[in-house]
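As C-alpha cells, the structure follows; a few thoughts come after it.
The values are calculated or read from the model by the stated rules, or taken from the named source; none is laboratory data. Since we're looking at a predicted model, the values are computed, not measured. A quick note on method: Cβ atoms are made from the backbone with ideal geometry, for glycine too, and the neighbour counts reach across all protein chains shown.
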Amino acid sequence: MAKRNLLSIITKSAIYLVLIVLFLMVTYPVFWLLMSSIKPESEIYKSPAGFVQHPTLDNYVIAWRKLKMRRFFFNSVLVSVLGVVGTVMVSALAGYAFSRFRFRGSNAIFLLFVMSLALPAPAIMLSEYILLNILHLLNTYQGIILFYMSLSAFAMVMFRNAFQPLPQELVDAAVIDGCGEFRLFIQVLFPLVKPTTATVVIFTYIWLWGDFIWPFLILQKAGQETLMVGVFTLSTSQYGMGWGFFTAGLSIALLPALVIYLIFQRYFVKGLTLGTLKG
Amino acid sequence: MRGPAFFLLPALILYVVFVIVPLCGTVALSFTHWRGFDFRTLRYIGLSNYGKLVSDPVFWKSLFNTFVFTGVSVTLQVTVALVVALFLEQNIFLGKFFRGGYLMPAAISLVIIAIVFDLLLSPALGILKELFKPVGLQRLARFGMWFSDPKKAIWGLSLIQVWYGFGFSMFIFISGLKSIDPQLFDAAQVDGASGLQKIVYITLPLLKGTASVAFLLATMWGLSVYALPYVMTRGGPGHATEVLSTWAYYSGFQYQQMGYGSTIAIALLLLGLTVSFLIFKFSAIGKIE
Amino acid sequence: MKRWHIVAAICLLVVGFIFCVVPLSSQATELTLWTRIPEILDGWDYIISEFEKLHPDVRISHRLLDWARTAEILLPAFAAGTAPDLIDICDVSIMKQLGERRMFVDLTEFYSEYRDRFPMAVDVYAAVDGRYYGTPIIVSALAHIYYNKNLVEKYGITPTDDWTYSDFLDACEKLKNQGEIPIVNGNKEGLDGEHWIQALMTETIGGSGIMALLERTDPDTGPRWTDPKVVQAVQAFEDLHKRGYFIEGMAAMGQFVAHLQFAAGKAAFHHLGTWISASLAKHPEFRWGWFRFPHMAGEIGATRNGGVVSHLDLITINSSSVHQDIGLEFIEFYTRPEVSGHAFYDLCHQHPSVAGALKGKELSEFDQASIEFYETCDDNAIWFSVYLPHEVGTEHITRASTAISSGELSAIEFCKRLEKAHQDNLRAAQE
C-alpha cells in the first residue's frame, strides 16, 4: 500500500515538474518581450534576461509617437473586427448549409473548401494582387476583408460540426410555427451555437490581427498599413533604433490579441471541444 | 426555393472569386516565363518550368527541408500534446491555468514569434546564457547556434513550430479525451487495471481518430509554413531553412522568375493535397466509434 | 422579434459600413512617393512639407517600403499598373529593365540642365544606355573598417590608414588569443558577407576588375569569377571564418543586431559603409575610430584608392504617372543643394549626393574622411547584387556568402557556381 502511494507521489511530482517547465518555456518569450519593453535602454544591455529594476513607460510613448502607431492600430482594428464579423456571417451560413441539407455534391463542395487549408500563400499571391486590382479592390479595406472572408474554411468546419447535433424537434417545432428557413437559422439555431461562434470569433480575430502577408500585399497606400506590417518593416529597418523602442513596438502589436485571448479563454475551450473532433 | 443555395452562396462565390480564380491564374503562370513588372514580356513555354523543377537543386533542398520541418514538428507536437493532455486529465491543481498557458502561443502573431525568438536565441545577445547559467544548463544556451549551422537550422525552426503549435494539438486531444465514456474506466477499475494500463488499453486506442485529426491539421499547417522561415531566417543561411513556400516566393518575386515561382507553389499545393488525402484515407478519421 | 431585428440591423450596418468606407475625395492633386531608407524619413518629411508649401494644391503621399524587399513589392505594382508616381529605385538591374522599356520618365534633359548638381559617380546608377532615369539621394561608401577604441587600446593595437592586410590579421589574432571577439558582422541577410568579398576583391583585382566582371556580355571570353585572383579574395573571406575572427553565429546574425553589438563595445572591428556614422552617433559613450580597408601587399589594390562610392537610391518618375510635370518639379526641388543639405544632413546626418549640399556645414571628422574618399576614390566599383540580375548576384553572391559563413560552402565552390550561373544568364540573354 505504501509503495503504491510513494509511486503515485513520485508520478504526480514528475507530472507537475514537466507541466511547470513547459509552462515556463511557453510563457518566457512573452515575459521577456514585455519586460524588455519597460526596461530603460541601459538595463537591457546589462541584464537582458531578467526582471526589470527601474520600469519605465518611455519606450511605449516613443514607439507610439514615432512609429505613427495610432494609425496602424486603427487599421488593424478595422480590418480585424470587420473581417471577423464578415467571416462569422459567411461561415455560419455555410456551415449551417452543410449540416442541415443533404444535396448532391455537398461533400465535394465541402472538400473543396477544406482544400484551402493546405493552400500556401505564394500560390495565390501575385494572381490575387492582379485580381484585386482588376476589381478595383486593391488598397481598400473592403478588398482585404472580402479576401479574408473567402478563406473561412476552418470556421465553416466548426460551424458545421456545431449545427449537426442540434435536435430535429426544435426544427420541427419552429416549422410548425410557420418559421421561414432564414428565421429558423437566425432566431432558433444560431443562438444555440454561441460557444462555437465565440471560438470562431477569437480564432479569426487572432489570425487576422497577426497576419502580415496579406495586408502587406493588399494595403499598399501610405497610411493603410496594419500593425503587423508596421512591426515587420520596423524589424528590418536598419540602424536607427534601440531595443527598448523596438520591443515596445512589438508589445503594442502583441498585446491586443493576447489580452482578448486571455479574457475569452473559457469560451475558446468550449467551442474547440465541440468543433474539432469530427474531421 | 430557400434551400441550401441561399446559405452556401456567399461563401461559395467569395471562395471561387478570391481563391479558385487566382489559383487558376497561378497555374496558368506556371506555363510561362515572365520576369514580372511588364506583362508584355510574358512568354508561353509549356512544361519547361516543371522540367526545371527536377533539375533545380534548391527545389530538392527545400522539398527535403519541408519534409524535415513538417515531420519533426508534427511528430513532436502531437506527442507532447498527447502527453500533456493526458497529464492534465489527471485533475491537476491549476490544470485550467496550465492549459490556458499552453495555448497562448497560438494567440501570438507568427511575425512577432519569429522576431522574438530570433533575438531571444541570438548567441550575441546572450539572453539564454544569462538564464541558464544560474542553473548550470549553459549548454542549452547553445541552441541559438543551431541557426547558423547548415544542418541543424531547420531542426531549430521545427522546434519553434512545436512551441507554437502544441497547444492547439493539445486541445484537440483534450476534447477527444472528454468524449470518452467514463464508464469504460470504471469497468476497468473494477477489473483491477492500473492507471497506466487504463491509458494504454483504453484511452489510446479510443484516441486514434482524434490523433488523426491533430496529425492532419498539424501536417497541413507544417507543409504550407511560410511566415516563420521568411521572417526568422529568410531561408538561410544559404538555403538551409528554405522551404517550398519561401522558395516559391523568392524565385518568383526576388529572382524575377514568376513562372517558375508559380510552378513551385503549385507543386507545393499538390503535395499538401496529396499528403492530406493520404492521411485522411489511411487514418481513423471519421471512423470513430 | 426584437432580437431578430437587432441582428438584422447590425448586419445591415456592418455591410453598409464595409461598402461605404470611402476616402474623402480632396481637391488636391495627389502624388505618391515610395522610398525605402528609414534613416532619412525625417528628411523626406521636411522636403515634402516644404514642397507642399510651395505648391498648395499638391499633396504628396509618402510610403516607406521595407528596405530589403523593394523589388518584390514593385514587381506586382508595375505589373498591375499600381506603381506610384515617384519611386526610389535601388537596383541597377531593375533600373535597366524598366529604363529600357521607357517605364521611367527620361531625365536626360533635366541632367543636362542641372548637371553640376550630380557628381560623375552617379552615372553608373542613374543612367541606362546614355539616358538618365533617376536622381540620387544620398551618397555612401564602402571603404573603411571601424574599430572599438577602448578595446584595441587595451591591447596596444593602433590601427592606421597605412595598415596592411597582414597587420590587420595580426591584430585579429592577438585579440582572439586574448579571448576577445575580433570582428563583428552579421551575415544573415548576406549583405555583410557581400561587402567583405567586395572589399577583398577590390584589393585583388581592383574596382576596374570588378566592373569588368559585372559588365561581361560574352559568356565565353573575358574575366571569370573562377580566375585565381577572384578566388583568392573569396578565400580570404572564408579564411577569416576559419581563423575564428568573426563573432560566433555570424551566419544567423542580423546586420542590425551585429551593429548594435559593435556599438555596445562587444567586439574590436566592424566592416560596413559610411552610412553607419549616423547611428554610431546615437551611442555617444562609445569611442570608435576607423581606418581605410587595409591593402594587401603586392596586389593591385595597394596602389589605388579603391572601394565603392554608392549613390544607390534614386528617385525616378513613373512614365505612366499623370503628374509628370509636378514630379519633375519635385525632383528639381529636392536636388537643390540647400534643400538636400538640410533634409539629409542637418536632420538625418547622412551625406547628400547633390554637390555642394554640405558647403558651410560643420562636419565631423568621420564626415570629412568619408567625403575625402568620395572625392578621391579612383577605382570605383558598384555593388554586386544590385548590378547583376538577382538570380545571379543575390543568389550566388549574397546568399552564397551566408553559406560560406555557415561553413557549408567553400570559396572555390562559391566561385564555380557563380561563374556557371553568370554564364547561363549571359547565354540566355543572348537568345
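Numbers below:
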{"item": "Those residues of the range C:79-120 which are among the hydroxyl-bearing types (Ser, Thr, Tyr) and touching a residue at least 12 places away in the same chain (Cβ under 8 Å), in sequence order", "result": "C:Ser93, C:Thr108, C:Tyr111, C:Tyr114"}
{"item": "Residue within the range A:223-235 that is without any contact (Cβ under 8 Å) to a residue 40 or more places away in the chain and touching a strand residue (DSSP E or B) at 6+ places or on another chain (Cβ under 6 Å) present", "result": "no"}
{"item": "C:Phe330 being at pLDDT 95 or above, crowded, with 20+ Cβ neighbours inside 10 Å and not in a helix (DSSP H, G or I)", "result": "no"}
{"item": "Enumeration of residues in the range A:6-22 that are exposed (fewer than 12 other Cβ atoms within 10 Å of the Cβ), at pLDDT below 85 and facing another protein chain (nearest Cβ under 10 Å)", "result": "A:Ser8"}
{"item": "Filter result (over 15 Å from C:Pro76 (Cα atoms), facing another protein chain (nearest Cβ under 7 Å) and among the hydroxyl-bearing types (Ser, Thr, Tyr)) within the range A:118-158", "result": "A:Tyr141, A:Ser150, A:Ser152"}
{"item": "Entirely in the range A:121-220, the helices (runs of 4 or more DSSP H) that have 2 or more residues that are touching a Phe, Trp or Tyr at 6+ places or on another chain (Cβ under 9 Å) and within 28 Å of A:Asn75 (Cα to Cα)", "result": "A:125-134, A:141-150, A:153-163, A:194-210, A:213-218"}
{"item": "Candidate set: the range C:93-142, residues that are of a type in the set (A, V, I, L, M, F, W, C) and within 14 Å of chain B (Cβ to nearest Cβ); chosen: the one farthest from C:Asn380 (Cα to Cα)", "result": "C:Met103"}
{"item": "Boolean, B:Ser48 is within 14 Å of another protein chain (Cβ to nearest Cβ) and within 18 Å of B:Pro150 (Cβ to Cβ)", "result": "no"}
{"item": "Some residue of the range B:205-220 being crowded, with 19+ Cβ neighbours inside 10 Å, over 19 Å from B:Thr79 (Cβ atoms) and more than 10 Å from every other protein chain (Cβ to nearest Cβ)", "result": "no"}
{"item": "Considering residues of the range A:200-255 that are among the small types (Gly, Ala, Ser) and within 7 Å of another protein chain (Cβ to nearest Cβ) only, the residue farthest from A:Pro48 (Cα to Cα)", "result": "A:Ala222"}
{"item": "Residue check, C:Leu240 modelled with pLDDT of 95 or more, out of contact with any helix residue (DSSP H, G or I) (no Cβ under 6 Å at 6 or more places or on another chain), not acidic (Asp, Glu) and not in a loop (DSSP other than H, G, I, E, B)", "result": "yes"}
{"item": "Test: residue in the range A:107-117 that is within 7 Å of another protein chain (Cβ to nearest Cβ), out of contact with any His (no Cβ under 9 Å at 6 or more places or on another chain) and not in a helix (DSSP H, G or I)", "result": "no"}
{"item": "Top-ranked residue of the range C:83-138 - restricted to ones that are within 20 Å of C:Trp44 (Cβ to Cβ) and among the charged types (D, E, K, R), ranked as nearest to the chain's Cα centre (by Cα)", "result": "C:Asp91"}
{"item": "Test: residue in the range C:70-78 that is under 25 Å from A:Phe212 (Cα atoms), part of a helix (DSSP H, G or I), touching a residue at least 60 places away in the same chain (Cβ under 8 Å) and aliphatic (A, V, I, L, M)", "result": "yes"}
{"item": "Hits in the range C:79-102 (condition: assigned to a loop (DSSP other than H, G, I, E, B) and surrounded by 20 or more Cβ atoms within 10 Å (Cβ to Cβ))", "result": "C:Ala83, C:Pro84, C:Asp85, C:Cys90, C:Asp91"}
{"item": "Any hit, the range B:178-193, residues being at the interface with chain A (Cβ under 8 Å from one of its Cβ atoms) and more than 29 Å from B:Ala240 (Cα to Cα)", "result": "yes"}
{"item": "Answer residue from the range C:251-301, given it is surrounded by fewer than 19 Cβ atoms within 10 Å (Cβ to Cβ), without any contact (Cβ under 8 Å) to a residue 60 or more places away in the chain and not charged (D, E, K, R) and is farthest from the other protein chains (Cβ to nearest Cβ) among those", "result": "C:Gly298"}
{"item": "Residue list for the range C:44-91, filter: acidic (Asp, Glu) and more than 8 Å from every other protein chain (Cβ to nearest Cβ)", "result": "C:Asp45, C:Glu50, C:Glu52, C:Asp57, C:Asp85, C:Asp88, C:Asp91"}
